[in-house]
Structure formats: C-alpha cells, structure tokens
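Nothing in this text is a laboratory measurement; each read-out follows from the coordinates by a stated rule. Since we're looking at a predicted model, the values are computed, not measured. Note that we place each Cβ from the backbone using ideal geometry, even for glycine, and neighbour counts take in every protein chain shown.
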Amino acid sequence: AQTVTQSQPEMSVQEAETVTLSCTYDTSESDYYLFWYKQPPSRQMILVIRQEAYKQQNATENRFSVNFQKAAKSFSLKISDSQLGDAAMYFCATKQGGSEKLVFGKGTKLTVNP
Amino acid sequence: SQTIHQWPATLVQPVGSPLSLECTVEGTSNPNLYWYRQAAGRGLQLLFYSVGIGQISSEVPQNLSASRPQDRQFILSSKKLLLSDSGFYLCAWADKHNQPQHFGDGTRLSIL
C-alpha cells in the first residue's frame, strides 16, 4: 500500500523568504504520480504542482518547485519569495498509475510572517 | 473552462437523519468523480469514486453511499447519520488517463 509522510506539522517563513516542505512516500509501483495541494483557510483544495515519476526533471510552477529524489522516495516543495497568500495547509499526495486513489499525507501548516 | 459545484457549504444534521450532498461538474464530459472526507487536522480519505454513470467504487466500508445518476453529477448519501459522520466532505473531478484531481469548495457536516 502507498503511504505518504509529512514530518513537519507546522512551518513558518518570513515574507519574501524561501521555505521547503518535506514529503516522503512509499510505493512498490514504478508508475506513479506525485502532487502538492494547498488548502487555505477557505478550505478549498488547490493543486499546486504535479510530478510524474518517470520524469527526471523537477516540476516548476512559478514560485513553486519540487525536489524529486526518486531513489530516496522524497518529494519536497520549495516556495520562493513567500507571500502572505501562501499561508495554508500543504498536502503531499501520490497516486499509482492506473489507480483512482489519491493517498494524502497529514499536511504541513505554513505560516507566513510579514 | 471546467468548474465544480458542491452544496451545501455547511450542514447541521441530527443523529439518525438522512443525508444528501450533491456535486456537479461543468465544462467536461465523462469525468472521473470522487468523494473525500477530511477529519479535523488530517489529510483526505477517499470514500468513493466513479468512472462513469452508475459505476461506483467504495474505498472504505461505512455508513455512506454514493450514486452517479448523470454524467456530471455525483451524490453522497446516508439513510441514518452517525456522530462519526461529522467532517469536511470534498468532491473532486479529473479527466481520464492520470490527470490531476480538482476539488470543490467542500461541505462542513456537523452531526448533533
């Protein structure tokens, strides 16, 4: 079974600084996908970034980038130039190829200090 | 563009009452549809998913059921709510072939 572990229940960062959120996962499959979702206080779950396991290049979306270490089964999220609007719960998730099930970690609460 | 609508936003129900939460998607056809529950301070747990009309897969045994009467409509139901059914319920959709899931705004369900 797939599992996702986010070892940091809470993190904080100063506005305009960079922060990295950790995620490790466990899977026996070779075909899988990794995601970071953001859940602000409004509770809407928003897709931040996606990585296909077969791609070696790290995914990037504007200020958000990942460090995908396949051998270590690590998938960290880096947020550059942090903004107040980045404050939210961040969830790491994985899905096997061909499966419909998204498995989520327990989340990291990110606080951005002005 | 695709949009997902989920209602109601909040719901307070007595124990033993029935439940019906509705989710509809616009701007796409034959999507995969999902129901998740999020307990306080926790990640999401997949409850049901559907790859087509009338096709429902259940991930965990529970007091809830799901139905998909139309292509872009997904309904979460219960005949008799339990206190343990309280939580935040999220509907999601995805195009086929390993596309990412996109979530609705959720329903906060409180059972009294």
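List the equivalent ellipsoid semi-axes of chain B in whole Å, largest first, each obtained as the square root of 5λ for an eigenvalue λ of the Cα gyration tensor. Mind showing how you got there, number by number?
Values: eigenvalues 105, 38, 33 Å².
Working from the Cα gyration tensor, I get semi-axes of 23, 14, 13 Å.
For the stretch B:2-112, what is the relative contact order in percent, using Cα pairs closer than 8 Å and at least 6 residues apart in sequence? Present the calculation step by step, with values, prior to reporting the outcome.
Details: 278 pairs, mean separation 39.4, N = 111.
Relative contact order, the stretch B:2-112: 36 percent.
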Q. If you build a Gaussian network model of chain B, linking Cα atoms that sit under 10 Å apart, which residue out of B:Ala39, B:Ala92, B:Ala66 swings the most?
A. B:Ala39
Q | Whole-number D in µm² s⁻¹ for the stretch A:17-80, Kirkwood Cα-pair radius fed into Stokes-Einstein, 37 °C, 0.692 mPa s | A | 264
Q) Taking the Cα centre of each part, how many Å lie between the stretch A:60-89 and the stretch B:18-50? A) 26
**Q.** Separation in nanometres of the label points that stand 7 Å from Cα toward Cβ, at A:Ser74 and A:Gln8
**A.** 1.2
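Classify the stretch B:31-89 as rounded, prolate or oblate, taking a ≥ b ≥ c as the square roots of the eigenvalues of its Cα gyration tensor: rounded when a/c is under 1.5, otherwise prolate if a/b is larger than b/c and oblate if not. Could the numbers behind the result be given before it?
Details: a/c = 2.28, a/b = 1.56, b/c = 1.46.
Verdict is prolate for the stretch B:31-89.
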Q) Considering the Cα trace of the protein assembly as shown, what is its radius of gyration and what is Dmax, both in angstroms? A) 17.7, 52
Q. If you take the Cα atoms of chain A, find Rg, then find the Kirkwood Rh from the mean of 1/r over all pairs, what is Rg/Rh?
A. 0.96
Q) Put a dot 7 Å past each Cα toward the Cβ at B:Glu22 and A:Gln57; how far apart are the dots in nm? A) 4.5
Q. Considering amide H positions built from the backbone, and no H for Pro or chain starts, which residues 5 or more places from A:Glu15, or on another chain, come under 5 Å of its amide H?
A. A:Asn113
